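Below is one structure, written out as structure tokens; the observations come after it.
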Amino acid sequence: MARPVTQYVCTSCGAQTRQFFGRCSSCGSWNTLVEQAAAAPADSRRRRPAAAAIAPAPRRSQPIAAVGERPLQRLASGYGELDRVLGGGLVPGSLVLLGGDPGIGKSTLLLQSARAMAGRAAVLYVSAEESAQQVKLRWRRLAGMEERGGEGEGGGESAATGVGGDFQLLAETDLELVLQELEALRPAVAIIDSIQALHDAELASAPGSVAQVRECAAALARIAKRQDTALLLVGHVTKEGMLAGPKVLEHLVDAVLTFEGDRFASHRLLRAVKNRFGATHELGVFEMRDRGLAEVSNPSELFLGAGEPSSGTATIVACEGTRPLVVELQALVSTTSYASPRRSATGIAVNRLHQILAVLEKHLGLPLSRFDCYLAVAGGLEVEEPSADLGVAAAVVASYRDLTLPAGTVLMGELGLGGQLRPVGQLELRLQEAARLGFTRAVLPRGSGLAKAAAGLGLELLEAGTVASALVAALGVNPAADQP
Ligand code: TYD
Ligand code: MG
């Protein structure tokens, strides 16, 4: 038998080589070559013998009309916020990848959801990162939350029998053993925490390497599809915020969810980046408590602070890629005591602030060069896109004139240097998010043509062509008139 040959494949262009290089000789990208399991010899592919050409092979395709429709069965995950992001619950035989920074609460979310499902379906929890003891400790911690929260629903007896009856725990990193256990148990739901910690002994590369992650995920996917197990995989995120492992992992799974949040704040956002069984613009909001994650049914309070609207604040809807997020901006404008006024911005590029101040000075006639100006994005978020301009302008002007924007107003629009408002992308998505979080008025660039899209959202749309008219519409007074 021939010695198995190691192949290296470029994850970026797909080129194959026999030798490892730091740089792909085909497409020139660095560190993209990964080891691939020895390929089966080419002749093992069953070639149709020439004789068979005479007798036609049996047909495997069918007319689409003949394809039977099965209603999609979904299993409720026990948490409405998670179900919403999944598109209405877990689909049997589907693969869901949950990504997020370390310590954000991925394990907690899935263990809680497993607890909730274990009463109705068989659940296997594969802990590849933590020992069984550690999982048990967390399980006990979460149990405390249920007992405290819902004494009326028989939470007391659950610890003894009820909850946990159908919950199987496996602390294992060897892929082969995990696959065997999946076949033996045939659970309705299996959770793999995490896919990077599993390893396939047949591959020489280290756990977490691209080849390992891909092989493990593919093997799990095959078995999940075969026995209709819903698989939830935990995936790590790299420093750049990408899901670690090859892009192929994202192609392989049916849904990619991301779990994110500020390390210093308690709220956590769950979003779908990809979903074959539902929409991707749903948002789930949780709060991390000392005994697990709690669902947040009214997230606007969490994001926007409990306080009354104050002068110098404005709310925008930022979009990171396809993800809309409602964000509060705060500005402070005060008389300067320096020769050149101070400008500082957190969460927004300071050059952007300079430019907006110059536009306001020129086109509204506000003498902002005699004032210091500080700007901050609440919650430690970074807002890069120019559609935040109008919100920044509104916050600055509101602080300068000591005005308060009416509650429930969001602003969106890019400022041109001539004081005109430029349209922003993905407006529909942003308006949906604003409406979902309870906002009632949106100030937008003119010509957005969204009357139809916004009809069902209950949002009042105020369209404006210039920053001056947008601010008049938003504030209800002309900020340029009767200046102090
Ligand atoms: P974890 O689920 O382990 O994160 P991940 O799996 O994404 O790495 O969450 C760990 C953090 O959550 C940890 O810093 C402690 C915190 N936590 C709570 O605040 N309350 C809790 O009830 C639990 C279980 C964890
Ligand atoms: Mg974890």
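Annotations for the structure displayed:
- Considering only residues in the stretch 139-148 that are within 9 Å of ligand 1 (Cβ to nearest atom) and open to solvent by less than 70 Å² (accessible area, probe 1.4 Å), the one that is farthest from the chain's Cα centre (by Cα) turns out to be Gly144.
- Criterion applied to Arg60, Arg84 was being in a helix (DSSP H, G or I), of a type outside the set (S, T, N, Q) and at pLDDT 75 or above, and the one residue passing it is Arg84.
- Candidates Leu220, Leu232, Leu175, Leu185 - the one that is within 16 Å of ligand 2 (Cβ to nearest atom) and either in contact (Cβ under 8 Å) with a residue 40 or more places away in the chain or buried (at least 17 other Cβ atoms within 10 Å of the Cβ) (or both): Leu232
- Within the stretch 457-470, restricting attention to residues that are assigned to a strand (DSSP E or B) and not small (Gly, Ala, Ser), the residue that is modelled with the highest pLDDT is Thr466.
- Single match in Arg70, Arg141, Arg59, Arg120 (criterion: among the basic types (Lys, Arg) and within 17 Å of Pro187 (Cβ to Cβ)): Arg120
- Ala454 meets the conditions (1) more than 30 Å from Ser266 (Cα to Cα); (2) touching a helix residue (DSSP H, G or I) at 6+ places or on another chain (Cβ under 6 Å); (3) modelled with pLDDT of 85 or more in every case but one. The failed one is (3).
- Taking every residue in the stretch 78-90 that is in contact (Cβ under 8 Å) with a residue 12 or more places away in the chain and pairing it with any residue that is of a type in the set (Lys, Arg), at least 6 positions away or on another chain, the pairs with Cβ-Cβ distances below 7 Å are Val85/Arg271; Gly88/Arg74; Gly89/Arg74; Leu90/Arg74.
- Looking only at the stretch 162-172, and only at residues there that are in a strand (DSSP E or B) and open to solvent by less than 50 Å² (accessible area, probe 1.4 Å), the one that is farthest from Phe20 (Cα to Cα): Phe167
- Test: residue in the stretch 434-443 that is within 30 Å of Arg268 (Cα to Cα), modelled with pLDDT of 90 or more and of a type in the set (A, V, I, L, M, F, W, C): yes
- Residues (surrounded by fewer than 16 Cβ atoms within 10 Å (Cβ to Cβ) and within 15 Å of ligand 2 (Cβ to nearest atom)) located in the stretch 188-210: none
- Residues that are open to solvent by less than 40 Å² (accessible area, probe 1.4 Å) and part of a helix (DSSP H, G or I) were ranked within the stretch 117-138; the one that is farthest from ligand 2 (Cβ to nearest atom) is Met117.
- If the condition is being within 15 Å of ligand 1 (Cβ to nearest atom) and basic (Lys, Arg), then the stretch 109-136 contributes Arg115, Lys136.
- Condition met for Pro58 (within 14 Å of ligand 1 (Cβ to nearest atom) and open to solvent by 50 Å² or more (accessible area, probe 1.4 Å)): no
- Residue selected from the stretch 91-108 under the condition more than 9 Å from ligand 1 (Cβ to nearest atom) and surrounded by fewer than 23 Cβ atoms within 10 Å (Cβ to Cβ), by the criterion farthest from Ala294 (Cα to Cα): Gly93
The values are calculated or read from the model by the stated rules, or taken from the named source; none is laboratory data. Bear in mind that the values here come from a model prediction, so they are computed numbers and not experimental data. No Cβ is skipped: glycine too gets one built from the backbone with ideal geometry, and neighbour counts run over all protein chains shown. These area figures cover heavy atoms from the full protein model, side chains too; ligands, DNA and RNA do not enter into them. Shrake-Rupley method; radii C 1.70, N 1.55, O 1.52, S 1.80 Å.
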